[in-house]
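The values are calculated or read from the model by the stated rules, or taken from the named source; none is laboratory data. Since this is a predicted model, take the numbers as computed values, not measurements. All Cβ positions, glycine included, derive from the backbone under ideal geometry; neighbour counts span all protein chains shown. The accessibility values were calculated without ligands, DNA or RNA, using every heavy atom of the protein model including side chains. Shrake-Rupley method; radii C 1.70, N 1.55, O 1.52, S 1.80 Å.
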Amino acid sequence: MGLTSELQVKGLGAEFLPRFTDLDTGTPAELLCSLHIAPCHSLGDLPDHSGREGGAGGGAAPSVFRTMKQAEAEAEVQSGREKKGRRGMPLTGGPFGKEHKYTAQMFPLLISPTGLLVCLVTTLFATDLAKVRRAADVGPALKRQILISTVLMTGAIAAVTYLSLPPSFTLFDAGNVKHAPVHLRLIIGYVTEYFTSNAYAPVRSVAMSCRTGAATNVIFGLAVGYKSVIVPILAIVSAIYASFRLAAMYGIAVSALGMLSTIATGLAIDAYGPISDNAGGIAEMSGMASRVRRRTDALDAAGNTTAAIGKGFAIGSAALVSLALFGAYVGRAGIQAVDMLSPRVFVGLMAGAMLPYWFSAMTMRSVGSAALKMVEEVRRQFDAIPGLAEGLAIPDYATCVRISTDASLREMMAPGALVMLSPLVTGTLFGVETLAGLLAGALVSGVQVAISASNSGGAWDNAKKYIEAGASEEARSLGPKGSEAHKAAMIGDTIGDPLKDTIGPLMAVEALVFAPFFAQHGGIIFNRL
């Protein structure tokens, strides 16, 4: 088995990892608080903390790992592919494989280690060179980490490119590779911050909408999420066009790696939110002074924004990788052109655009099912354990945690099967052209669903934090915890929690691995019509 085949199989294995870590197991506790079934500092908080820890370790990290491995596989496939003649005989080797330029062949695999070194240097700016001394400085400090890592990585990736790649090379007559666009992550990061941070107008407008109840809060939150799609999509398509003009699909795969090159910093700030959230819950459960809780709430508000930024990185890079894998699939399946006017392609396109909604519906229903079981268990304990409501007895925390963790695994089996089986069934029954349409539709639809859902959830969460903190006259006018506006914000936050973890499926790697089989044996139904 060659290097590119091994990397394809590795990418396929990485695809399975996020399927059982996407479900936010902390959402049931938010539902308990919003329904006032149990105090948030008793039974609700412990499963909430467990869920946040699971979300921190299993939310963005597995998705990013999957995307990175698949981007590496795609870049190696493109750099080693052969150009074939009419009868399928190779005319030329890949740009690096034929000439045995090992360093150039390894260029995609050198980007991630370089980024790791850059992230280590970036950490020094927060821990030693510019220490944070006020709660208000937390958000800007985290944002500086993204900026500094991007600037440093720009120089580092330029050096690696200069040392690894030849001055020019031909890749299916597509041109030259000059650099990996690491700056796309900056655009997505800053746009995400604007739409999810309570320091800016969008989140404050969501908070002010709570004056008239939960309905207007939901409407404003959805509008913020939809609007937040515009700039990231324009940035992604610009990067796609520039990368393709420079080096075809190889350039797009390298672009995804460039975007993920400093993901160590992105994952660090992504995990910051759950850590701060858990610290605040522990402070409340242990009866610490209110000033401690105010500080942890300020940290948590910054963490919610950074978590949304981390998901934005994962979504943007997944879009680039999906497109690159789509290009590799088309080439490996022997498709000369994807004709949108072909009924076989258009059928697949419409079905693919539907898949992210189906996947999201299944994951959100799973969260609701887990929340229902949690509510029933809490009610049972209040009835069965004397003195629990008065705080005189110890709740059965283990059962609540078990419900959340079991649901996070069991409830993701059906969505995972949907993602895995869709390309296999489509390719086998309807053929390679319909599968090409399916992949294209899922890519176009899934990216926009994921961005809007993630940012709506972040906006609702920080709108609630904005009301609770009461840091401005506007926020204080909405009332303290327990006010009608705060109750409306809690409902929005409860809706937003599963939305923040609703990421559209990535299916192209299965199609790439099985493309030769589909080309030879697929289309059982359409070939007989």
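Beyond 23 Å, what share of the Cα-Cα pairs of the stretch 178-268 is found? Please give it as a whole percent.
In whole percent, the share of Cα-Cα pairs in the stretch 178-268 beyond 23 Å is 40.
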Open item on the list: Starting from 0.36 nm per residue, how many nanometres of slack lie between L109 and R291 once their C-alpha separation is accounted for?
Closed with: 60.8 nm
- [ ] Read phi for every residue in the stretch 202-212 and hand back ³J(HN,Hα) as whole Hz from Karplus 6.51 cos²θ - 1.76 cosθ + 1.60, θ = phi - 60°, with x for Gly and Pro.
- [x] x, 5, 5, 5, 5, 4, 5, 5, 5, 4, 9
Task: For the stretch 404-490, accessible area per residue (1.4 Å probe, heavy atoms of protein chains only), Å² - done: 33
Task: Full-extension gain in nm, I282 to L409, via 0.36 nm per residue minus C-alpha separation - done: 43.2 nm
Task: Extension reserve of the A398-S369 stretch, reckoned as 0.36 nm per residue once the Cα distance is removed - done: 8.6 nm
Open item on the list: If I take R0 = 41 Å and measure r between the Cβ atoms of I219 and H521 in this structure, what FRET efficiency does the formula 1/(1 + (r/R0)^6) give, to the nearest 0.05?
Closed with: 0.25
Open item on the list: At a 10 angstrom cut-off on C-beta neighbours, averaged per residue, how do the peptides 235-246, 438-449 rank from highest to lowest?
Closed with: 438-449, 235-246
Open item on the list: Relative contact order of the stretch 373-529, please, whole-number percent, based on alpha carbon pairs below 8 angstrom and at least 6 residues apart.
Closed with: 30
- [ ] Within the stretch 327-344, which residues have the backbone N less than 20 Å from the label spot 7 Å out from M350 along Cα→beta-carbon, could you tell me?
- [x] 338-344
Task: Separation in nanometres of the label points that stand 7 Å from Cα toward Cβ, at R380 and L116 - done: 4.5
